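The values are calculated or read from the model by the stated rules, or taken from the named source; none is laboratory data. The structure presented is a predicted model; accordingly, all values stated were derived computationally and were not measured. A quick note on method: Cβ atoms are made from the backbone with ideal geometry, for glycine too, and the neighbour counts reach across all protein chains shown. Accessible surface is based on the protein model in full, side chains and every heavy atom, while ligands, DNA and RNA are left aside. Shrake-Rupley method; radii C 1.70, N 1.55, O 1.52, S 1.80 Å.
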Amino acid sequence: MPARTLRTFLSLLLIASAPLANAQGALPPAVAQALAAAKIPASAVAVVVQEAGAKRDTLSLNASTPMNPASVMKLVTTYAALELLGPAYRWKTEAWVNGSLRDGVLEGDLILKGGGDPKLDLEAFWILLRALRGRGLREIRGDLILDRAFFEAAAGDPGRFDGDPFRPYNVLPDALLVNYKSLRFLFYPENGAVRIHVEPRPPALDVINVLRLAEGHCPEGSAFRNLLKPTFEPERQRAIFAGQYPLSCGEKDLNVALLAPNDHVAGAMRQLWAETGGTWTGAVREGQTPAGARLFHSHDSPPLAEIVRDTNKFSNNISARHLFLTLGAEAAGPPGSAQKAMAAVKSWMAARKMPAPELVMENGSGLSRAERISAASLAGLLQAAWGSPVMPEFIASLPIVGLDGTMRRRLKNDGVTGRAHIKTGLLSDARSMAGYVLDRSGRRQVVVMLVNHPSAAESQPAMDALLRWVYER
């Protein structure tokens, strides 16, 4: 064989064997080095890279091992919701009247019947109440009844996951969830003092402000909240801030899930209803819609595709949990429960030929120590989504690397910036990413990387290195 022909043959052989070596578990050097620097062994890592539409792995490591995916589990929930419920699905929140209504006066109770809307925020709730006023209701002389029967009653402590029940990401599902059951405390310096504005501001809420202005750096996240030295007392509907507020913070806010569910809805109702010119002095209580009540108004949520976008872009736990329970309620009838939802997802995956025998879903959000899925199953789901009619809505819901969502601060001004849609996840012992990369040759690649290890938080450089490798190869 001529030397030139032999060299060409050997070069082709090396090129053909490279994917095979990678498929057998040889991580790209930059990825392996970053994991070694973080002291994370290969046994704690699962990786799959495949070209979209292809059946063969370009890279595979521990692909079939069940792992905790953290918030990447939202991909299962949101894709299932898009296919089973449809991008145009809307949740309904209904207002029913039980009593006579004359000249704007309701001699009886007003019932708010929740349909699981995950985005009944303050603006949407105000629009709902404005619609009641527009239909002629002015005075309610009975009680406000909250009907939450669309979902199974949430059991347990909202702080069970990490010991902090006041974090909005720990809010439990609620078929009548108003403004994520959260209050927004807005802090700003004025005339040598720190002012606090609260939205919504329930009339019974007591805010004790003994904050002191200080010099120095303005911290972010938990460090900012800790600097405020807050004390939250749900039973008294009280919030106390007794720490310092750096002048460099300017205007800054803190969202707190402070009140019990009934107190939260009642407080928002009393404030907003009064602002619309309505009157109500009755009590609030939970109960089902009476048989003799009449439907007065129905409020629609944004379409499901918009909710899915918020869920994945910003890793919204409560939205994911509502999507999950809605799958159960629509598949097997209310009340939606985790068991019904899991059965619906399993049935859908089997019908779509996406086997995932290792799949465990506790709440569909990834905020769980129990949820499990393999990198291979996630890659299979992403491949199925690539060929699905809801592919545009699904991919558009994922954070764009270096530009928005949970990926907005990563890989900025990099070759892969703007060329990858990646869902991320992070717990104390789990870090993850999964999605699509458009490589430099214009091919779409499916990428999954899961790390379960006490040092998992330190694996971000390895994940960034994998995204670069996929883009550049």
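Quick rundown of the values:
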item	result
Reachable aspartates and glutamates from Lys252, criterion Cα separation under 18 angstrom, eight or more residues apart if same chain	Glu190, Glu199, Glu215, Glu220
Other-chain or far-sequence residues with amide H under 5 Å of Gly336's (modelled H)	Phe151, Glu152, Ala329
Charge dipole (debye, nearest 20) of the range 112-268; +1 at Cβ of Lys and Arg, -1 at Cβ of Asp and Glu	400 debye
For the range 382-449, size of Cβ-based charge dipole, Lys and Arg +1, Asp and Glu -1, in debye	220 debye
Accessible-area value, Phe314, 1.4 Å probe, nucleic acids and ligands omitted, Å²	120 Å²
The chain: relative contact order in percent, alpha carbon pairs under 8 Å with at least 6 residues between	23 percent
Simple Cβ-charge dipole of the chain, Lys/Arg +1 and Asp/Glu -1, about Cα centre, in debye nearest 20	1300 debye
Shape call, the range 110-228: gyration tensor on alpha carbons, a/c limit 1.5	oblate
Given charges at Cβ of Lys, Arg, Asp, Glu: the chain dipole, positive-most of Ala332, His297, Ala379	Ala379
Apportionment of accessible area to carbon and sulfur, the chain, percent (1.4 Å)	53 percent
Cross-link table Lys119/Lys423; Lys39/Lys340; Lys113/Lys346; Lys39/Lys353; Lys181/Lys412, entries beyond 32 Å C-alpha to C-alpha	Lys39/Lys340; Lys39/Lys353; Lys181/Lys412
Sequence ranges 247-253, 360-366, 330-336, ranked by mean other-Cβ count within 10 angstrom, highest first	360-366, 330-336, 247-253
Helix-only [θ]222 nm of the chain, DSSP H runs n ≥ 4, -39500 (n - 2.57) each, per residue, nearest 500	-10000 deg cm²/dmol
The range 261-312 pair-distance distribution - Cα-Cα, 5 Å bins, rounded %	4, 13, 13, 18, 21, 17, 10, 4, 0
Counting DSSP beta bridges with both ends in the chain, the antiparallel % (nearest 5)	75 percent
Residue-by-residue Karplus 3J(HN,Hα) for the range 281-293, coefficients 6.51, -1.76, 1.60, Hz, glycine and proline x	10, x, 9, 10, 8, 8, x, 8, 5, x, 4, x, 6
Inter-part distance where the range 53-83 and the range 320-376 are each reduced to a Cα centre, Å	14 Å
Separation of alpha-carbon centers, the range 203-233 and the range 89-112, rounded to whole Å	39 Å
